[in-house]
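Colleague: Please see the structure below; I have some questions.
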Amino acid sequence: MSVQAVSLPRAERFIGHHPVLSFAARRILWGVLTLWVVSIVVFIATSVLPGNAAKAILGKNVNPREVLALERELHLNQSLWGQYWYWMGHFVHGDLGRSAASILGSNSHESVGALIRAPLGNSALLAGITIALLIPLSLLLGVLLATRAGKWIDSLVSTSTLGAISLPEFVTGSVLIWLFASTLGVLPAVSLIGPGQNALSSPKILVLPVLTLLAATLAQCVRMVRAGMIEVLRSDYVQAARLAGVGERRVLFRYALRNALAPSVQVIALNAQWLVGGIVVTETVFGYPGLGQLIVNAINLRDIPTVQSVAMLLATVYIALNIVSDLIIIYLVPKLRTAQ
Amino acid sequence: MSAGERLLSVSGVTVSLTSGVPIIEGVDLAVGKGEILGLVGESGSGKSTLALAILGFSRPGATISKGEVVVGGQAMVGPPERELRGRRGRLVSYVPQDPQSSLNPGRRIVDQLHDRIRDRDKREWPRLVQAALERAQLPTSAEFLSRFPHQLSGGQQQRALIAMAIVGEPSLVVLDEPTTGLDVVTQAGLLSEITSLRASLEIGVVYVTHDVAAVASIADSIAVMYAGRIVEQGRAGDMLRRPHHPYTVGLLESVPDHARPVHLKGLPGVAVGVGEWPSGCAYAPRCPQADVDCLAALPPLEEVSAPNHLVRCIHWRQTPEPVYLGDSRVQTAGVAEPVLTVSGLRATYRSRRSVVVAAEDVSFSVAPGECLALVGESGSGKTTIARCIAGLHPPAAGAISLGDRPLAAEARSRSREARRRLQFIFQNPYESLNPRHRVEASIAAAAMVLRQLSREKARAEAVRALEEVRLPARVATRFPGELSGGERQRVAIARALVAEPDLLVCDEITSSLDVSVQAAILDLLDNLRKRHGLAMLFITHDLGVVASTANRVIVLDKGVICETGGIPDVLVNPSHSYTKLLLAAAPQLAPGTITVQSTSVPTG
Amino acid sequence: MSTTSVAADSLPKIVTARRGRMRFLRFWTSRVGLAMLVFVVLVALLGPVFAPHSPTEIIGVPFANPGSGWPFGTDFLGRDVLSRVLYGGRSLIGLSVLATIGGYAIGLPAGLLAGYRRGAVDFVLMRGVDVLLAFPPLLFLLIVATGTTESILALVVAVAIILSPGLTRIVRAAVLDVSQRSYVEAALVRGEGTPRILRREILPNILGVILADVGLRLTYAILLIAAMNFLGLGLQPPKADWALMISENRIALSLQPWAVFVPAIFIACLVVSINLIADGIARSLGTSIEALGGEAQGR
């Protein structure tokens, strides 16, 4: 076959020479684009649909002049586009607006930014600890089970995880509370933290929420890692390596695990992403003062700016996790790396 | 060969499934230093299992239940796994079948080479790696070594596997179907490398394959397997010249060889799979000279006239010599209007960012009742041309006409009549039938769509078509998953026949079938052509098949026609250099060992 | 793919199960799952018929312990826990099934189109899928809840939207795989049109994958809707709903655990049973729920 190559423009040549960089750039660009679409959806859902937000905040029987004043404050008198750009412009610069609830509540108009700071730290801590435990545990257990596939311990764990992967977090959370707090009394049922303190000051409150989140994610991760390992251990190249006399330990790590890592990373990243939603419910179960609880309260109070801001924040983390996992996978799978 | 000189000694080896069902039974083999043993068998013969057993290995679910394997004085059956692992790769090594999936996709070539010599002194590694790569005819540059397997071509991947097998300087190398999927020229290169390896390193080689011709060109001794047992073994020359087992005879009569254009008959019946062994001789149900005694007990291996020539048949003295019938193919006479005319065909496809030209300015025609072979290696464009003709691939330029009517580019836009007259048979019999439709439904669907028959009439036609392809009526209600590859391909042919076509386009339809099955299908097609006056466009890479089936041949290289002409003219007197290259590379059963009867069998 | 471990050339031909979908019953885990599912569904559907009290009727002291007349005690308002549990399944199951059907209504045609047509249509659809998948699911529901002030219809539609992209991916992958097979090309050569090919050749061969996936989709819908109910952003009191009950009654978890446990057990049984069945179906088809892809499950 004669290959008549179309002449490659410069961009394509760059892509050919730096596939990883260009891939990263493309993914980040795509992530930003997606975030923008997300922001539009968030805006439409929160500002457009409920109608007059000012009236909703202030209630029905209210002085029209106060309504007007609030409208001007919240820029509700501008066009939709205008409102959107106003919000986006400020958001991107870090000005998250003012909490509408605080307009009614305390004297000072508390900025959403200040409102978010502490819960952000707490949620990050909770999620961080969970992920930090999830990764090694799922890899270890998955590999161990794969090497003992078919034996009784494997069947036992497989069957029990099959059930465990489905339990909702509020069920597991409640059961754990009942077991450890109510019955055994060793751990606190509610994760109360005093103002000004963060979760690290009383680590006991972290235990049950982390356990709950782990229960929801570990089961699936272990199953996937195990399945990936088993499939790889059955592959032709593992058999070829064994037939070539390559030592079993080397086969396990360099041949099997190495190639089973990519799908494992994928599922761990997926579960990390799931955590973004999972902490909402879990924090509510334990009253843990994090972003999840913040957004649920904000919704109940119709505090639109807070809802918008926390939603955008969580969406950003979600998308960022996706990009990071893609980059890790591209590193792990040489086939994707090299330009062809 | 005395016991002391033996490199490999296999005695009484039986490998069975954990349920007790044997896969191979009572196998005895011996290979000496510098000797190449060809292990020949078709699907279900157990040859791959035996190859693994030589390394003391059995797949999960099976065990080596009996017998001994001794390589270079060391036992490979019995010692604990750890000891065996030490011997694999160093004493005896294995070259697996599928290069693409047998290389670790996440590890560089050099690292995979090093993995196999970890027990040697690190200072020796560069020297060993260099030597292995050179012998395998691969580049020794640092750039090549740092590549990942997907950055190598198919041929390079296979050679990389060979390099990995010899880097540990073993005494014995077992190759399992090393040339499957490789084109003829690469295959020829590989075969010569193996023989030179044997000469330079004095290693023993066990070459496992179904390709009798390949074995014939390099093996010193041959062992033929059928249904898990060795049915005949001996020196290559003796076996090829005068085989004594009916299966071996039938096999040799089925092997296509371009230097020996004969009518390929194939073997009656179906191959026997694991767990289906009859009592006594496993070949008896298909054997023309079987009698009651054959089924009573398993025949032992007996020595035949020549030394070391063993046969497992109680009637071996009566086994006739292979009869190679001169071809009886239909000769087309006269200049009738061609069934198919292709002029100036140009076919392209997009590959990532560039446009690849698969075929350029291809013109030919097929006369009614004629078999035209389209020959080329992979990448020659033959499949693309076939797909253009079938209406699956729109040509970039050129015209195709059926009779005097031009054909539209897409099959959907063609008239029903055109679609009926031109039938296409696909390469992979495991994918060309819808697994959820019964055989009858698949065939009847063609009749209903193309001849607009009612369901009942179409069903009746389907049954008739099954008869024509020599399949029993009970196949009609089966699902494709219950049929063998050869049976499925017959169903595909029946599906084509039921449309009452004028032209059959066959795209490598026998490439994935066993030799005996292939011969049977070719025989069937020959028969059908005679009966119905069918024209055929036969796409293949196998010159031997061309020699036995086609009237005319077109040789393609990189999308361009190199040569056209009649058979046997082009094969005997090629004019283009590429044709000469192909002919030289195609393996042959050694000339001079077989004589062809020139009398042709009456047609019909 | 978890098929048998001995290579094909040395084993008797494995007859592929035509009615493989029903073969899942040979796994004891699937039989247990089926039994559990039937039990839970019966309770949910027929529960109200057998409930001793109305779900809103106050029959006693709040958080009373189990006694005669109230075998599982009372909840935080003094209503009978048993009755509320018997009434509390319909909404959850009904809404989840609706949402799943909605998800299929969107995802199935999209996947078929993208996988069969390929080209521009595929590109556009897949980018749409990517955008939808980029949205954290629960967050999406929260926002929809904010905007539509807890409309149940909006919730169901939103869950259907969340389910569809993963489904589209799975269907597309299956269609891509099947449409490259020669038997589809054979139909093309015969000149058959797209609708006929989709119906006769492609759909029957992707049904297995779809069936194995239904369970997972349904589970996902149940979890999402239950979570929303638990947060108080879905069904509202005084409606009897299992998830809502857990949320309402957990303050007195130590006093009267039954008000939380009984609905919790039912939710758990519902979800676990569906998972067991889905696993059985997947295994009987030679695959596994893991092979169906984590991204499609969304979890």
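The values are calculated or read from the model by the stated rules, or taken from the named source; none is laboratory data. The shown structure was predicted, so the numbers you read here are calculated from the model rather than taken from an experiment. In this analysis, Cβ positions are derived from the backbone assuming ideal geometry, glycine residues included, and neighbour counts consider all displayed protein chains.
Colleague: Are any residues in the stretch B:156-186 in contact with a Gly (Cβ under 6 Å, 6 or more places away or on another chain) and small (Gly, Ala, Ser), and if so, which ones?
Modeller: B:168, B:171
Colleague: Please work out which one of (1) part of a loop (DSSP other than H, G, I, E, B); (2) within 10 Å of another protein chain (Cβ to nearest Cβ); (3) among the hydroxyl-bearing types (Ser, Thr, Tyr) is the condition residue B:378 fails and give its number.
Modeller: Just one mismatch for residue B:378, condition (2).
Colleague: Restricting to the stretch B:162-198, what's the tally of residues that are among the aliphatic types (A, V, I, L, M), assigned to a helix (DSSP H, G or I), more than 20 Å from residue B:127 (Cα to Cα) and out of contact with any Leu (no Cβ under 8 Å at 6 or more places or on another chain)?
Modeller: Looking only at that region, the number is 2.
Colleague: Scan the stretch A:252-261 and give yes if some residue there is more than 9 Å from every other protein chain (Cβ to nearest Cβ) and crowded, with 23+ Cβ neighbours inside 10 Å, otherwise no. Let's see the steps before the verdict.
Modeller: Going through the stretch A:252-261, the residues more than 9 Å from every other protein chain (Cβ to nearest Cβ) turn out to be A:252-253, A:256-257, A:260.
Still in the list and also crowded, with 23+ Cβ neighbours inside 10 Å: A:256, A:260.
Looking for residues that are more than 9 Å from every other protein chain (Cβ to nearest Cβ) and crowded, with 23+ Cβ neighbours inside 10 Å, one finds at least one in the stretch A:252-261, hence yes.
Colleague: For the stretch B:8-34, enumerate the residues that are among the acidic types (Asp, Glu) and under 17 Å from residue B:72 (Cα atoms). Spell out how you get there, then give the answer.
Modeller: Within the stretch B:8-34, the subset among the acidic types (Asp, Glu) is B:25, B:28.
Result: B:28, single match.
Colleague: Now a separate question. Among the residues of the stretch C:249-272, is any charged (D, E, K, R), more than 7 Å from every other protein chain (Cβ to nearest Cβ) and more than 22 Å from residue C:37 (Cβ to Cβ)?
Modeller: Step one: list which residues in the stretch C:249-272 are charged (D, E, K, R), which gives C:250.
From what is left, the residues that are more than 7 Å from every other protein chain (Cβ to nearest Cβ) are none.
No, every residue in the stretch C:249-272 fails to be charged (D, E, K, R), more than 7 Å from every other protein chain (Cβ to nearest Cβ) and more than 22 Å from residue C:37 (Cβ to Cβ).
Colleague: Right, something else. For the stretch A:268-290, which residues satisfy the criterion of being within 12 Å of chain C (Cβ to nearest Cβ) and either within 30 Å of residue B:98 (Cα to Cα) or part of a loop (DSSP other than H, G, I, E, B) (or both)? Spell out the reasoning first.
Modeller: Filtering the stretch A:268-290 down to residues within 12 Å of chain C (Cβ to nearest Cβ) leaves A:268-287.
The one that is within 12 Å of chain C (Cβ to nearest Cβ) and either within 30 Å of residue B:98 (Cα to Cα) or part of a loop (DSSP other than H, G, I, E, B) (or both): A:287.
Colleague: Pairs needed: first member in the stretch B:59-80, over 27 Å from residue A:234 (Cβ atoms) and modelled with pLDDT of 90 or more; second member anywhere, assigned to a strand (DSSP E or B) and among the hydroxyl-bearing types (Ser, Thr, Tyr); C-beta distance under 6 Å; at least 6 residues apart or different chains.
Modeller: Pairs found: B:68/B:11; B:70/B:9.
Colleague: Among the numbered criteria (1) over 20 Å from residue A:142 (Cβ atoms); (2) within 13 Å of chain B (Cβ to nearest Cβ), which single criterion is violated by residue A:233?
Modeller: Of the numbered conditions (1) over 20 Å from residue A:142 (Cβ atoms); (2) within 13 Å of chain B (Cβ to nearest Cβ), the odd one out for residue A:233 is (1).
Colleague: While we're looking at this one, here's another question. Checking residue B:498 against (1) under 19 Å from residue B:428 (Cα atoms); (2) buried (at least 23 other Cβ atoms within 10 Å of the Cβ); (3) within 14 Å of chain C (Cβ to nearest Cβ); (4) not small (Gly, Ala, Ser), which test does it fail?
Modeller: (1)
Colleague: Continuing with this model, one more query. For the stretch B:33-66, which residues satisfy the criterion of being of a type in the set (S, T, N, Q) and either buried (at least 22 other Cβ atoms within 10 Å of the Cβ) or over 19 Å from residue B:87 (Cβ atoms) (or both)? Working first, answer last.
Modeller: Of all residues in the stretch B:33-66, those of a type in the set (S, T, N, Q) come to B:43, B:45, B:48-49, B:58, B:63, B:65.
Listed by number, the residues that qualify are B:43, B:45, B:48, B:49, B:65.
Colleague: Let me ask something additional. For the stretch B:350-370, which residues satisfy the criterion of being surrounded by fewer than 18 Cβ atoms within 10 Å (Cβ to Cβ) and part of a strand (DSSP E or B)?
Modeller: Applying the first criterion (surrounded by fewer than 18 Cβ atoms within 10 Å (Cβ to Cβ)) to the stretch B:350-370 yields B:350-355, B:361, B:363, B:365, B:368.
Answer for the stretch B:350-370, where residues must be surrounded by fewer than 18 Cβ atoms within 10 Å (Cβ to Cβ) and part of a strand (DSSP E or B): B:350, B:351, B:354, B:355, B:361, B:363, B:365.
Colleague: Has the stretch B:469-482 got at least one residue that is touching a helix residue (DSSP H, G or I) at 6+ places or on another chain (Cβ under 7 Å), of a type in the set (D, E, K, R) and part of a helix (DSSP H, G or I)?
Modeller: Looking only at the stretch B:469-482, we keep the residues that are touching a helix residue (DSSP H, G or I) at 6+ places or on another chain (Cβ under 7 Å), and these are B:469-471, B:473, B:475-478, B:480.
Okay, now just the ones that are also of a type in the set (D, E, K, R), so B:470, B:478.
If we keep only those that are part of a helix (DSSP H, G or I) too, we end up with none.
Taking every residue of the stretch B:469-482 in turn, none turns out to be touching a helix residue (DSSP H, G or I) at 6+ places or on another chain (Cβ under 7 Å), of a type in the set (D, E, K, R) and part of a helix (DSSP H, G or I).
Colleague: Return yes or no: is residue C:276 facing another protein chain (nearest Cβ under 8 Å), over 30 Å from residue C:67 (Cα atoms) and not in a loop (DSSP other than H, G, I, E, B)?
Modeller: Numbers: facing another protein chain (nearest Cβ under 8 Å): yes; over 30 Å from residue C:67 (Cα atoms): yes; not in a loop (DSSP other than H, G, I, E, B): yes.
Spelling it out, residue C:276 is indeed facing another protein chain (nearest Cβ under 8 Å), over 30 Å from residue C:67 (Cα atoms) and not in a loop (DSSP other than H, G, I, E, B).
Colleague: State yes or no: is residue C:108 on the phi < 0 side of the Ramachandran plot and more than 10 Å from chain A (Cβ to nearest Cβ)? Steps first, answer last, please.
Modeller: Values: on the phi < 0 side of the Ramachandran plot: yes; more than 10 Å from chain A (Cβ to nearest Cβ): yes.
Yes.
Colleague: Turning to a different aspect of this structure: When both residues are 6+ apart or on different chains and their Cβ atoms are under 6 Å apart, which pairs have a first residue that lies in the stretch B:494-510 and is of a type in the set (Ser, Thr, Tyr), and a second that is assigned to a loop (DSSP other than H, G, I, E, B)?
Modeller: Short answer, once both residue conditions are applied: none.
Colleague: Separate question: Could we say that residue B:317 is modelled with pLDDT of 85 or more, more than 30 Å from residue B:397 (Cβ to Cβ) and either aromatic (Phe, Trp, Tyr) or within 29 Å of the chain's Cα centre (by Cα) (or both) here? Quick ask: steps written out before the conclusion?
Modeller: Working: modelled with pLDDT of 85 or more: yes; more than 30 Å from residue B:397 (Cβ to Cβ): yes; either aromatic (Phe, Trp, Tyr) or within 29 Å of the chain's Cα centre (by Cα) (or both): no.
Here the answer is no, as residue B:317 does not meet what is asked.
Colleague: In the stretch B:75-116, which residues are part of a loop (DSSP other than H, G, I, E, B), out of contact with any Lys or Arg (no Cβ under 7 Å at 6 or more places or on another chain) and at the interface with chain A (Cβ under 7 Å from one of its Cβ atoms)?
Modeller: So in the stretch B:75-116, the residues part of a loop (DSSP other than H, G, I, E, B) come out as B:76-80, B:89-91, B:96-98, B:103-108, B:116.
Imposing the further condition that a residue be out of contact with any Lys or Arg (no Cβ under 7 Å at 6 or more places or on another chain) reduces the set to B:77-80, B:90-91, B:96-98, B:103-104, B:116.
Listed by number, the residues that qualify are B:90, B:96, B:98, B:103, B:104, B:116.
Colleague: Still on this structure, please answer the following. Does any residue in the stretch B:198-215 that is within 19 Å of residue B:237 (Cβ to Cβ) come within less than 8 Å, Cβ to Cβ, of a residue that is at pLDDT below 90 and among the polar types (S, T, N, Q) six or more places away or on a different chain, and which pairs are these?
Modeller: Final answer for the pair search is B:209/B:179; B:211/B:179; B:213/B:588; B:214/B:179; B:214/B:187.
Colleague: Could you pull out the residue among C:190, C:283 that is out of contact with any Pro (no Cβ under 9 Å at 6 or more places or on another chain), of a type in the set (Lys, Arg) and within 14 Å of chain A (Cβ to nearest Cβ)? Outline the logic, then answer.
Modeller: Details: C:190 fails: within 14 Å of chain A (Cβ to nearest Cβ).
Result: C:283 is the single residue among C:190, C:283 that is out of contact with any Pro (no Cβ under 9 Å at 6 or more places or on another chain), of a type in the set (Lys, Arg) and within 14 Å of chain A (Cβ to nearest Cβ).
Colleague: Take the stretch A:142-159 and flag every residue that is in contact with a helix residue (DSSP H, G or I) (Cβ under 8 Å, 6 or more places away or on another chain) and surrounded by fewer than 19 Cβ atoms within 10 Å (Cβ to Cβ). Walk me through it before giving the result.
Modeller: To start, the set of residues in the stretch A:142-159 that are in contact with a helix residue (DSSP H, G or I) (Cβ under 8 Å, 6 or more places away or on another chain) comprises A:142-143, A:145-149, A:153-154, A:157-159.
Hits for the stretch A:142-159 are A:147, A:148, A:149, A:153, A:154, A:158, A:159.
Colleague: Working only within the stretch B:445-483, note down all residues that are within 11 Å of chain C (Cβ to nearest Cβ), under 23 Å from residue B:520 (Cβ atoms) and buried (at least 20 other Cβ atoms within 10 Å of the Cβ).
Modeller: Once the filter is applied, which keeps residues that are within 11 Å of chain C (Cβ to nearest Cβ), under 23 Å from residue B:520 (Cβ atoms) and buried (at least 20 other Cβ atoms within 10 Å of the Cβ), the stretch B:445-483 yields B:446, B:480, B:483.
Colleague: Also, I was wondering about something else. Of everything in the stretch C:147-197, what is polar (S, T, N, Q), assigned to a helix (DSSP H, G or I) and over 24 Å from residue A:300 (Cα atoms)? Give them in sequence order.
Modeller: Narrowing the stretch C:147-197 to residues polar (S, T, N, Q): C:148-149, C:151, C:164, C:168, C:179-180, C:182, C:194.
Narrowing further to those that are assigned to a helix (DSSP H, G or I): C:148, C:164, C:168, C:179, C:182, C:194.
Listed by number, the residues that qualify are C:164, C:168, C:179, C:182, C:194.
Colleague: Taking residue C:221 as meeting all but one of (1) in contact with a Ser or Thr (Cβ under 6 Å, 6 or more places away or on another chain); (2) crowded, with 21+ Cβ neighbours inside 10 Å; (3) within 11 Å of chain A (Cβ to nearest Cβ), write down the number of the exception.
Modeller: (3)
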